[in-house]
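The next block holds one structure in the form of structure tokens; read it before the comments.
The values are calculated or read from the model by the stated rules, or taken from the named source; none is laboratory data. The structure displayed is predicted, hence computed values, not measured ones. Glycine also receives a Cβ, built like all others from the backbone with ideal geometry; neighbour counts cover every protein chain displayed.
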Amino acid sequence: MCAEVKEGKYKTRTLGIFCKTREEWIFSWIATWYIGGCVVPLYDTLGKDSIVWIIEQAEIKTVVTTVPDITRLIKLKKEGKINPLKNIIALEEVSKEETKAIEECGMKLYNFQECIENGKRSKVELKPEVYPDTLATICYTSGTTANPKGVMLTHRNYISVSEGIASLEFIEFRYGETCICWLPLAHVFEQFTVAVCLVSGVKTGFYSGNIGALVDDLKELKPEYFGSVPRVFGKIYERTNNQVSKLSGFKKWFYNKGVSAKLDYLRTSGSTSYSFYDRFVFSEIRNLVGGKLVLVFLGGAPIAPDVLQMSRIWLSCNIVQGYGQTETSGPILAQRADDIYPCSIGSTVPNAEGKLIDIPEMSYFSTDTTDGKPTPRGELLVRGGAVSPGYWRNPEMTKKTFTEDGWVHTGDVAKVWPGGYLTIIDRKKNLFKLAQGEYVAPESLENIYQLSSYVSQIYVTGNSYMNFVVAIIVPREDTMAEWAKKNGLDANYDLIRKNDKFKLDILKDLARIAIESNKNGFEMVKNAYLTKEPFSIENDTMTPTQKIKRYNAEKKYKKEIDEMYTRPPLNIKE
């Protein structure tokens, strides 16, 4: 059922998995290894072009999937696409109509549970030939611009990334405890989380399938471990702050006293626990996520410093930021126990190494200093057993991204601070030039502007015909409500978003942040379009790893961006 395919020295059998995160995903993943094959994940939110590209490039003959996605596959087959696909293994019952449509497309239909039962009755003895450098997964990047690239990941890669994190001195995974699995298993971050659980004897529980109900799932499962992305904690932060703002009198005083005491203790000891205040002030907030969290591992995108700091205080558990890419099989840098800096991604794990190389065109050098102390800056390169051998059937990009001596170019610009920890300060790619010849790195600006209390999400853009940048902003609802109250207006979000004074106040706050961050005048946002529609997977403006799809966002808001440039930049000094 799984066709044999080759790429260079690699020979394998590919099985596609096309569904949300669920236990059958992991069953299929591991079962494929037993035939010496590898899994090719497909995000359930993929667009048509990406589905076609992945199935055809990886020559996927068989896909494990669900009814909604079967409908999409049938449609593509009828359009004369995804020719390699011959078999569908359905995770649910399929209607007679769709069964007939599958057969008419020249495909065969199998039931997942029946495959399991047939396997139990089979007398065939599996003798998998699996070695460290055998392919385990071809994990396609979510892709913010062109076609996704198929990152080849080996069994050595998974063992190495798991070992790197598990060997950190302050992390102890205890046999029999629980981790919640909810991020897309099509992405390497959740695959890493599951791999660590498997080798550590940690039980894996699965979310209900509805991200909107994730907090309820956490309450029900009560996990000790939780791999997450910053957006979840942003939502918890907003919800908790809304509740805290309603406190008064003694309760407000006692809460503020607890925050102050825990902040001091966190800064001096690095500990997130303070038994008295944890019990009498913060237990209700902690119980929102089950009440038993010991370790949260954050990845995928930067988190706002205030959100991270307050989350550590409220939840009383280790919240560790890490850094990795699909090309590194997951996190290859992580914070240490004494590293509580909100913007830090820590340093390389014990079984990996990193280095910075100069980027002269962006004025980043290894000789850079801050306040007279060495603070090298440059593109981050990493090396270790977790680094992928390259891209599937893409030798040109493999040669461009991976060096012959094992380093991978991350494309991210890092800064090493005197304490030895790193922060990501910029992106080597995604530059655009303004009319005056100055280059702008929009992702770097978005990271700092995200610190504004007005901003939930922001997309910064510009072009070589104009001399200033503009932005698409999703305002924070709690801040909108406070602003409306302060200005004597009703909390009508649609009207507030169209209020010129509200927009001006946002731009002034962004300018303040830009000045505090030593940004240039041309990097200040001079006009903005405020929208209530978030950047999301559903509207195809965000990847499953919470990165904005720049090309799609530019296309979606082309009219609004063009209109902003027909008007002179707003005077934010008034």
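Here are the criteria: (1) over 30 Å from residue 333 (Cβ atoms); (2) surrounded by 20 or more Cβ atoms within 10 Å (Cβ to Cβ). Tell me which single one residue 444 does not satisfy.
Condition not satisfied by residue 444: (1).
Please go through segment 25-52 and give me each residue that is surrounded by fewer than 17 Cβ atoms within 10 Å (Cβ to Cβ) and within 28 Å of residue 540 (Cβ to Cβ), ordered by number.
47, 48, 49
Report those strands (runs of 3 or more DSSP E) wholly inside segment 125-221 carrying at least 3 residues which are at pLDDT 95 or above and over 29 Å from residue 336 (Cα atoms).
Those strands (runs of 3 or more DSSP E) span 135-140.
Within segment 28-37, identify whether any single residue is hydroxyl-bearing (Ser, Thr, Tyr), modelled with pLDDT of 95 or more and under 14 Å from residue 102 (Cα atoms), and answer yes or no.
For segment 28-37, residues hydroxyl-bearing (Ser, Thr, Tyr), modelled with pLDDT of 95 or more and under 14 Å from residue 102 (Cα atoms): absent.
Kindly indicate which of 260, 248 is without any contact (Cβ under 8 Å) to a residue 24 or more places away in the chain, farther than 23 Å from residue 482 by Cα and exposed (fewer than 13 other Cβ atoms within 10 Å of the Cβ).
It is 260.
Which residue pairs have Cβ atoms under 7 Å apart, sit 6 or more places apart or on different chains, and have a first residue in segment 546-573 that is in contact (Cβ under 8 Å) with a residue 24 or more places away in the chain and on the phi > 0 side of the Ramachandran plot and a second that is outside any strand (DSSP E or B) and hydrophobic (A, V, I, L, M, F, W, C)?
The qualifying pairs are 546/229; 546/301.
Would you pick out the residues in segment 93-112 that are surrounded by 13 or more Cβ atoms within 10 Å (Cβ to Cβ) and either in contact with a Lys or Arg (Cβ under 6 Å, 6 or more places away or on another chain) or not in a helix (DSSP H, G or I) (or both)?
Correct list: 94, 105, 107, 109, 110, 111.
Only one of (1) under 20 Å from residue 208 (Cα atoms); (2) not in a helix (DSSP H, G or I) is not met by residue 69, so which one is it?
(2)
One line per residue, one yes/no per condition, for (1) in contact with a His (Cβ under 6 Å, 6 or more places away or on another chain); (2) more than 30 Å from residue 482 (Cβ to Cβ); (3) not β-branched (Val, Ile, Thr):
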{"site": "416", "(1), (2), (3)": "no, yes, no"}
{"site": "419", "(1), (2), (3)": "no, yes, yes"}
{"site": "425", "(1), (2), (3)": "no, yes, no"}
{"site": "438", "(1), (2), (3)": "no, yes, yes"}
{"site": "456", "(1), (2), (3)": "no, no, yes"}
{"site": "466", "(1), (2), (3)": "no, yes, yes"}
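If you go through segment 523-541 one residue at a time, how many are within 25 Å of the chain's Cα centre (by Cα) and of a type in the set (Gly, Ala, Ser)?
1
Would you mind telling me which numbered condition in (1) under 17 Å from residue 347 (Cβ atoms); (2) polar (S, T, N, Q); (3) touching a residue at least 24 places away in the same chain (Cβ under 8 Å) residue 388 fails?
(1)
Within the group 530, 510, 495, which residue is surrounded by 15 or more Cβ atoms within 10 Å (Cβ to Cβ) and over 14 Å from residue 446 (Cα atoms)?
530
Give segment 382-412 a look and list any residue that's within 29 Å of residue 60 (Cβ to Cβ), β-branched (Val, Ile, Thr) and part of a loop (DSSP other than H, G, I, E, B), or say none.
Listed by number, the list holds a single entry, 387.
For residues that are surrounded by 20 or more Cβ atoms within 10 Å (Cβ to Cβ) and touching a helix residue (DSSP H, G or I) at 6+ places or on another chain (Cβ under 6 Å), scanning just segment 401-430, find the one that is farthest from residue 330 (Cα to Cα).
Among those residues, the one meeting the criterion is 426.
What number of residues within segment 1-52 satisfy the criterion of being under 21 Å from residue 67 (Cα atoms) and either assigned to a helix (DSSP H, G or I) or aliphatic (A, V, I, L, M) (or both)?
Qualifying residue count, segment 1-52: 19.
What number of residues within segment 430-449 satisfy the criterion of being within 17 Å of residue 230 (Cα to Cα) and in contact with a strand residue (DSSP E or B) (Cβ under 6 Å, 6 or more places away or on another chain)?
Adding up the residues that qualify gives 4.
Scan segment 525-546 residue by residue and report those that are in a loop (DSSP other than H, G, I, E, B) and of a type in the set (Phe, Trp, Tyr).
Passing the criteria: only 535.
With the requirement that a residue be assigned to a loop (DSSP other than H, G, I, E, B) and within 17 Å of residue 245 (Cβ to Cβ), what does segment 256-285 give you?
281, 282 - these are the residues of segment 256-285 that are assigned to a loop (DSSP other than H, G, I, E, B) and within 17 Å of residue 245 (Cβ to Cβ).
Can you spot a residue in segment 253-270 that is polar (S, T, N, Q) and within 29 Å of residue 542 (Cα to Cα)?
no
Looking at segment 36-43, can you tell me whether even one residue there is within 22 Å of residue 141 (Cβ to Cβ), in the same structural domain as residue 75 (by TED's automatic domain parsing), touching a Cys at 6+ places or on another chain (Cβ under 9 Å) and hydroxyl-bearing (Ser, Thr, Tyr)?
no
Determine which member of the set 219, 149 is in contact with a helix residue (DSSP H, G or I) (Cβ under 8 Å, 6 or more places away or on another chain), under 30 Å from residue 7 (Cβ atoms) and basic (Lys, Arg).
Among 219, 149, only 149 is in contact with a helix residue (DSSP H, G or I) (Cβ under 8 Å, 6 or more places away or on another chain), under 30 Å from residue 7 (Cβ atoms) and basic (Lys, Arg).
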